[in-house]
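Contents: one structure, followed by commentary.
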Amino acid sequence: MLAGRRIVLAVSGGVAAFKSAYLARRLVEAGAEVRAIMTRSAQEFLGPQTLAAITGSHPHVDFFEDPDVSPHTDLARWADAIVVAPATAATLSRLATGLSDDLVSGTVLAFTGPVLVAPAMHTEMWEHPATRRNIEVLAGDGIVVVGPVSGSLAGGDEGPGRMVEPEEIVEALREALGSGTLEGWLVVVSAGGTREAIDPVRFIGNRSSGKMGNAIAVEAAERGALVTLVTSAEPPDHAGIEVVQVESAAEMAAAVWERAPGADVAVLTAAVADFRPKNPSAAKLRRAEGLPELELEPTPDILSGVAELERRPCRVGFAAEAGPAAEAAIKAKSKGADLLFANDITAPGSGFGVDTNAVTVFTADGSSEEWPLMPKRAVAAALWDRIIELRAAMPQPGARPRRRRQDRS
Ligand SMILES: Cc1cc2nc3c(=O)[nH]c(=O)nc-3n(C[C@H](O)[C@H](O)[C@H](O)COP(=O)(O)O)c2cc1C
């Protein structure tokens, strides 16, 4: 759910500022776009260049030294959320009183979306009545206060005041931004590459690893969907995912078509062979018997088959293209896909076997958008956000009986 979200990371001047570099990295890894602001004191604790290298842009530090004419209002308009980590006692005090005398407090004051603060300070500062008052005011203003926790502090002290770990801040941010739920949805995902037998030993196959489909299945299950993963690859181990293991295009088609009429969405990521040997040999072909004649025949087109079902789910296809994705636009229309994700398998970091993907998304009305190179899990999150949007705009079929988790044997 952080994929494609715009996050302002505001760093104030405490020792825990070193953790902000990890936090920035976690956010970027989750697919978020991050811009940093640093207070003057923060730069005593963390080099701006570190944040610049991680986020891909130089941190903003001052109203008047910024290349932007009005950095606080521009950042506030740009951001989906602001995270202040670490939040010092001084910064919390500014935020609580609305004192806009630096770029962090000015940007927060100009912003209307979710703000999270992760306080970090010595126990005495944290427990001081002034800080307690400020925290109460901030919570009353709707600011999410994450932590602090008890633990070892700078200088060898122990006690409450230690900033929570970056992972916990990322989790709180996810919650604050709200991830589109798939609670009650039935989802069919296909993954992996099919194998078409030549003889009992050999097959025609492809290089698909199943990683993209697995990421999509896991993301859906994490958001509460009941997922059936029809796959020829190694499946993920997840309680919310029912796995149907198949090998050939015919087996995959049968499994998908059997489950698709009861599903809300079918996401077909599998790399399915277009052709298969017409008469696979029952016995192993031997070199001594000479060169075999391999006659090929077309395999079933799974996506088109789903589109032809009387009760058809929302259909999402994937097309592996060796080069620019123009062909995929035609495919989206001809195969009856609501969304078609094309990825250029020849582009660096994209396609088979790797953990990242860069896709172009085509919609049924012919429009398209290019997504940046992201981890496959971030692509999966953005894909589900897009499908939720799409289904919200679609006329819904009549109520269908819902399967519950315990119905699964
Ligand atoms: C070594 C050192 C460590 C500090 N650590 C913290 C801290 O963890 N939390 C805090 O609230 N202030 C801490 N301070 C004090 C702040 O740096 C100081 O209040 C500063 O004015 C904060 O400004 P800022 O909120 O604009 O970044 C520390 C100061 C020093 C010298």
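Using the Karplus relation 6.51 cos²θ - 1.76 cosθ + 1.60 with θ = phi - 60°, the per-residue 3J(HN,Hα) values for the range 159-172 come to x, x, x, 7, 5, 5, 6, x, 4, 5, 5, 4, 4, 5 Hz, with x marking Gly and Pro.
Relative to one another, the C-alpha centroids of the range 76-133 and the range 136-204 are positioned 23 Å apart. Using Cα atoms only, what is the angle between the long axis of helix 211-222 and the major principal axis of the chain, expressed in degrees (0 to 90) to the nearest 10? So the inclination is approximately 60 degrees. Mean-square fluctuations from a GNM of the chain, with a 10 angstrom spring cutoff on Cα atoms, peak among Gly305, Gly31, Gly140 at Gly140.
In the structure shown, the pairs Lys211/Lys284; Lys278/Lys335; Lys211/Lys335 are assessed against 29 Å; a Cα-Cα span above that value is assigned to Lys211/Lys284.
Across all Cα atoms of the chain, the radius of gyration (one decimal) and Dmax (whole number) stand at 26.0, 90 Å. In loop segments of the range 201-271 as defined by DSSP, there are no trypsin sites (Lys or Arg not before Pro) with at most 10 further C-beta atoms inside 10 Å of their C-beta.
Once backbone amide H atoms are built at 1.01 Å from N, Asn357 has Met374, Lys376 as its partners under 5 Å, excluding neighbours fewer than 5 places away on the same chain. Dimensions of the range 1-94 from C-alpha coordinates, computed as largest minus smallest value along each principal axis and given longest first, are 32, 30, 25 Å. Annotation: amide H-H contacts under 5 Å for Leu268 (H modelled 1.01 Å from N, sequence separation of 5 or more, or interchain): Ser190, Val316, Gly317, Phe318. Restricting the calculation to Cα atoms, every distinct pair contributes to the Kirkwood radius of the range 6-177, found to be 15.6 Å. Between helix 376-392 and the chain there is an angle of about 80 degrees, using the helix long axis and the longest principal axis of the Cα atoms.
Relative to the longest principal axis of the C-alpha atoms of the chain, give the angle of the C-alpha long axis of helix 249-259, reported between 0 and 90° and rounded to the nearest 10°. For 249-259 against the chain, the angle is about 60 degrees. The spacing between the range 1-59 and the range 205-284, judged by their C-alpha centroids, is 39 Å.
Distances between placed amide hydrogens fall under 5 Å for Glu33 paired with Gly4, Arg5, Arg6, Ile7, all partners being 5 or more residues away or on another chain. A Gaussian network model of the chain, with springs between Cα atoms under 10 Å, assigns the largest mean-square fluctuation among His60, His238, His72 to His238. Along its first, second and third principal axes, ordered by size, the range 150-277 spans 71, 33, 20 Å in Cα coordinates.
Bear in mind that the values in this text are calculations on the coordinates, not laboratory data. Every value quoted in this text rests on a predicted model; they were computed, and no experiment measured them. Using ideal geometry, Cβ is built from the backbone for each residue, glycine included, and neighbour counts are taken over all protein chains shown.
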